[in-house]
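Inspection log for the structure reproduced underneath, given as structure tokens.
The values are calculated or read from the model by the stated rules, or taken from the named source; none is laboratory data. Predicted model, so just to flag it, every value in this text is computed and none were measured. Virtual Cβ from ideal backbone geometry, glycine too; neighbours counted across all protein chains shown.
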2 protein chains.
Amino acid sequence: MNSLNFEHELNLQHTSSHNSNLLDPEEFRRQGHMIIDFLADYYADIEKYPVRSQVEPGYLHKRLPKSTPHDPEPIKTILQDVQDHIVPGITHWQSPNFFAYFQCSSSIAGFLGEMLCTGFNVVGFNWIASPVATELETIVMDWLGEMLNLPKSFLFSGNGGGVIQGTTCEAILCTMVAARDQMLCQIGRENAGKLVVYGSDQTHSALQKAAHIAGIHPKNFRAIKTTKSTSFALSPDSLRSTICADIEAGLVPLYLCATVGTTSTTAVDPLGSLCDVAKDYGLWVHVDAAYAGSACICPEFRQFMDGIEAANSLSLNAHKWLFTPLDCCCLWVKDPSALIKSLSTNPEFLRNKASDSKQVVDYKDWQITLSRRFRALKLWFVLRSYGVANLKNFMRSHVEMAKLFEGLVAMDKRFEIVVPRNFAMICFRVLPSTMGRGAYQNGKVVDNGQKLLKEEITTANELNQKLLESMNASGRVYMTHTVLEDMYVIRFAVGASLVEERHVIMAWKVVQEHATAILSNN
Amino acid sequence: MNSLNFEHELNLQHTSSHNSNLLDPEEFRRQGHMIIDFLADYYADIEKYPVRSQVEPGYLHKRLPKSTPHDPEPIKTILQDVQDHIVPGITHWQSPNFFAYFQCSSSIAGFLGEMLCTGFNVVGFNWIASPVATELETIVMDWLGEMLNLPKSFLFSGNGGGVIQGTTCEAILCTMVAARDQMLCQIGRENAGKLVVYGSDQTHSALQKAAHIAGIHPKNFRAIKTTKSTSFALSPDSLRSTICADIEAGLVPLYLCATVGTTSTTAVDPLGSLCDVAKDYGLWVHVDAAYAGSACICPEFRQFMDGIEAANSLSLNAHKWLFTPLDCCCLWVKDPSALIKSLSTNPEFLRNKASDSKQVVDYKDWQITLSRRFRALKLWFVLRSYGVANLKNFMRSHVEMAKLFEGLVAMDKRFEIVVPRNFAMICFRVLPSTMGRGAYQNGKVVDNGQKLLKEEITTANELNQKLLESMNASGRVYMTHTVLEDMYVIRFAVGASLVEERHVIMAWKVVQEHATAILSNN
């Protein structure tokens, strides 16, 4: 695993990195081809590596020199070090045996688009700095918006608009700041300490972090409790009563983040009824569809976004399940002027005729950062290179594989599925031999009418924790966990670009083998 | 320019993008080589393109289809569209005739590192998610910190530490939030509205934007006036008197952003004396060395950072002048725990043994976003592939070329250099024939003792604006401008990776030709 198998591809001519020409076209060509071959070989070999890196903390410090070399080193030497020292420390997100977190699924087309982005290396802060970076982004955001059947009010063609940000964290922070400033205009800045932000206890931690950065009082962040009875979706009644209590207390409701496909269980908050509540109290509603949004290009999943027409903004991560390399978070807003009012700056050194004419989009005013990469290229490459039909098929095949895994779990009485599957992720756990299925019901611990001892819950949790750690330590698969109403649960997310049925079946075998071994030792 | 000149490199075999395998190694190899050849040809031809794109707003909407294709399109077709429709809309930041803004200088090594980052496509939010992404970052940040001769207190080896962020905007926002939270712990959150942020009128707009996002009251943002008499550096006396007035008014000084190499003129704020003032009043001092920080690896420029030992944090953009593709902002802090206290989140789905052991760095707690790319790879490639000696030489050659341009300007009596040159950027302007050199002195408009009429100032400004627009419209060079004490000034920044002396000499000829034409018409 540590030897270079791309040796034969190497041009044996001595490297000319001494060349003072940093972008010499022929040297670029020679070294570029070397890296392509390196990566092609990496993908060919990817199943040979332990999925989760097995290194110990601090491993790399022992292997690398203490300081930057004084003289140039040939690319061949550096690539050998990548193979010997970098690859062992990688947790292989592109491995077909990676079922952890949510996938970060790349593709050839996405990679090519990113290469062009890096090759052109333009900084598209405003239109004039590279007109196509802005124009292609407005076009692909409308394309993708239409694929999702978004209301026209979210598209440029309907006076809304989309922007590509790095991550959902940024999308939430930007929209929250816009909402905050709109509200403070109405109620006066002296009331900033009264603003309240709402999510559920299943909402991504990005919401709380954004609220904190934006200066929302930590006491005014609401993570409304969800239960298994609603499959961990946020209940509109709970939202309403929480809002009412806050208003009663003299606070000002500001912002709701609803989720389509939560991180723990892929729960879907009921957008329509939540937006109804939010409308009654004037909240900005952001919909975080980071993971599941991409699936909504398939009609059979689009229902999960019903009600979106009443929201103010929506984001999804094309780098999760739309085969675009990290990072690519697509954010649509109905009212771009709210973002622009909060986030625009106009330093003299960026002034130009096009911006002054107000005929162009200057994306610097839609985001936190000034500099921005030409991310639209990779999304455009993905959309064109695969086409709508294939993209749907890719996602459907992942869902089918998740169903296959679900079926396998269901057939083994030692296991249970903890929440119903919505997309391509299964939450399951193994049960201690003393405990039957259905030990937990509706958020309460019951076993044939009898309360389980706290001890038994702990036993079950420790068992699953041990099972997960044992599987991950084997290097054959990588899965992660969550905790639901004190239950430790294993998450099995299908979505790697290289995954096939055989990997899912093998993963289930790994689960069974490790469970058998652990149960027999217990 | 619109025809493909890489046709001969194309594999004529029909593209198999219908292949459902999104990361098929052999298909990856085939298409990857195509893009490398495309980009190598792009660099070979780059001087043929107009530097600043000449397209009109909306040009691309007319050329692309209205929606995503249903079926896959071959990569060959997409690349032809890149050549025909994307390239004309690019402002060529990698062109040797690009002298605008500050450069975003790439390199072969930086490109290779970014390719590997995209190829591995790992999400390094915490250590376990890909240990090497974290460990390599801690190592290269210490390497670069040592190259800059930073005090050990900023390095991991001295209990500080570095992190790679996307942009300076993020670095400033993160450190400001850390400073804010520390201060609010002391003075109570109810005093949030009293916090004051300081910079100069030359500080980058990123500071004001960060303050706004972090909820600093807009009235509490201070852009302290600078003058030509101090070469637009922030005066410690002005800072002290501003702070005193704020304290007098019952406000709480929080955060100072000092700059090494301002955007308009590359002015250098005197760090030592500013930190002395800041220390007296307990401010957090952040040093923004976005552009000029990289040059400080050369001993002859390191003096500009003198006094850094008393600052709290420092950032520089390796994507500006350290040959690393966008984005790569290096941030060092003396007290990582301040960042972590403000920015950490601990959702259950990310919990793991390594993090719980507190033996590892989890970079998610050092930045705004959760997801993060493996940016350390490209910086590591750049440092190793060129070595310290060459990197210094690259920057010195840019400075020499800037000196050459400076000399050429000085020899033509129709022009003047507006502020002294510190690094590789010249601020100059052409004078109306009625106006002699030195018309502006020490911030006051004087002409042999006589005040110039406002009309004459306007004439001079219009002349320079016309000159700049005329040069940029020619497509032969791209420069940008700034305004200093009502003077419209042209900025000439040297730093493109492909730039050679001949480009600088040619750029000066372009300036002279266009000036001659405009002056003769005036």
TODO: Could you please give the count of residues in the range B:60-85 that are within 7 Å of another protein chain (Cβ to nearest Cβ) and in contact (Cβ under 8 Å) with a residue 24 or more places away in the chain?
DONE: 5
Task: the range B:356-403, residues that are within 20 Å of residue B:123 (Cβ to Cβ), within 8 Å of chain A (Cβ to nearest Cβ) and small (Gly, Ala, Ser) - done: B:371
Open item on the list: Would you confirm, using the coordinates I've provided, whether residue B:309 is in a helix (DSSP H, G or I), over 30 Å from residue A:120 (Cα atoms) and of a type in the set (D, E, K, R)?
Closed with: yes
Open item on the list: Among the numbered criteria (1) surrounded by 23 or more Cβ atoms within 10 Å (Cβ to Cβ); (2) modelled with pLDDT under 95, which one does residue A:438 miss?
Closed with: (1)
Open item on the list: Condition first: β-branched (Val, Ile, Thr), farther than 16 Å from residue B:152 by Cα and buried (at least 24 other Cβ atoms within 10 Å of the Cβ). Now tell me which residues in the range B:317-343 satisfy that.
Closed with: B:324
- [ ] Count, please, the residues in the range B:382-417 that happen to be within 20 Å of the chain's Cα centre (by Cα) and on the phi > 0 side of the Ramachandran plot.
- [x] 0
TODO: May I ask you to verify whether residue B:265 is part of a strand (DSSP E or B), among the hydroxyl-bearing types (Ser, Thr, Tyr) and within 14 Å of chain A (Cβ to nearest Cβ)?
DONE: no
Open item on the list: Quick check on the range A:316-324. Is at least one of its residues closer than 30 Å to residue B:119 by Cα, in contact with a Cys (Cβ under 7 Å, 6 or more places away or on another chain) and basic (Lys, Arg)?
Closed with: yes
Task: Candidate set from the range B:268-289 (those that are over 14 Å from residue B:243 (Cα atoms) and assigned to a strand (DSSP E or B)); member that is nearest to the other protein chains (Cβ to nearest Cβ) - done: B:288
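Here is a yes/no grid of residues against (1) outside any loop (DSSP other than H, G, I, E, B); (2) of a type outside the set (Phe, Trp, Tyr); (3) at pLDDT below 95:
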{"residue": "A:4", "(1), (2), (3)": "no, yes, yes"}
{"residue": "A:13", "(1), (2), (3)": "no, yes, yes"}
{"residue": "A:17", "(1), (2), (3)": "no, yes, yes"}
{"residue": "A:29", "(1), (2), (3)": "yes, yes, no"}
{"residue": "A:47", "(1), (2), (3)": "yes, yes, no"}
{"residue": "A:51", "(1), (2), (3)": "no, yes, no"}
{"residue": "A:57", "(1), (2), (3)": "no, yes, no"}
{"residue": "A:60", "(1), (2), (3)": "no, yes, no"}
{"residue": "A:72", "(1), (2), (3)": "no, yes, no"}
Task: Within the range A:38-53, considering residues that are more than 9 Å from every other protein chain (Cβ to nearest Cβ) and surrounded by fewer than 19 Cβ atoms within 10 Å (Cβ to Cβ), the one farthest from the chain's Cα centre (by Cα) - done: A:48
Task: Residue list for the range A:465-497, filter: free of Cβ contacts under 8 Å to residues at least 40 places away in the same chain and surrounded by 22 or more Cβ atoms within 10 Å (Cβ to Cβ) - done: A:468, A:481
- [ ] Determine whether the range B:229-240 contains at least one residue that is in the same structural domain as residue B:343 (by TED's automatic domain parsing), over 23 Å from residue B:270 (Cα atoms) and β-branched (Val, Ile, Thr).
- [x] no
Task: Neighbours by Cβ (under 9 Å, 6+ apart or cross-chain): first from the range B:334-352, facing chain A (nearest Cβ under 8 Å) and closer than 15 Å to residue B:368 by Cβ; second in a helix (DSSP H, G or I) and among the hydroxyl-bearing types (Ser, Thr, Tyr) - done: B:345/A:205
- [ ] Scan the range B:210-227 residue by residue and report those that are buried (at least 18 other Cβ atoms within 10 Å of the Cβ) and either at pLDDT below 95 or in contact with a Lys or Arg (Cβ under 9 Å, 6 or more places away or on another chain) (or both).
- [x] B:214, B:215, B:216, B:217, B:220
Task: Tally, over the range A:231-245, of residues that are under 18 Å from residue A:194 (Cα atoms) and either in contact (Cβ under 8 Å) with a residue 24 or more places away in the chain or not in a helix (DSSP H, G or I) (or both) - done: 4
- [ ] List the number of the failed condition for residue B:250; all other conditions in (1) assigned to a strand (DSSP E or B); (2) surrounded by fewer than 20 Cβ atoms within 10 Å (Cβ to Cβ) hold.
- [x] (1)
TODO: Among the residues of the range B:344-353, write down those that are surrounded by 17 or more Cβ atoms within 10 Å (Cβ to Cβ) and out of contact with any helix residue (DSSP H, G or I) (no Cβ under 8 Å at 6 or more places or on another chain).
DONE: B:349, B:352
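Results for (1) of a type outside the set (Gly, Ala, Ser); (2) within 17 Å of the chain's Cα centre (by Cα); (3) more than 30 Å from residue B:144 (Cβ to Cβ), shown as yes or no for each residue.
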site	(1), (2), (3)
B:225	yes, no, yes
B:228	yes, no, yes
B:256	yes, no, no
B:260	yes, yes, no
B:284	yes, no, no
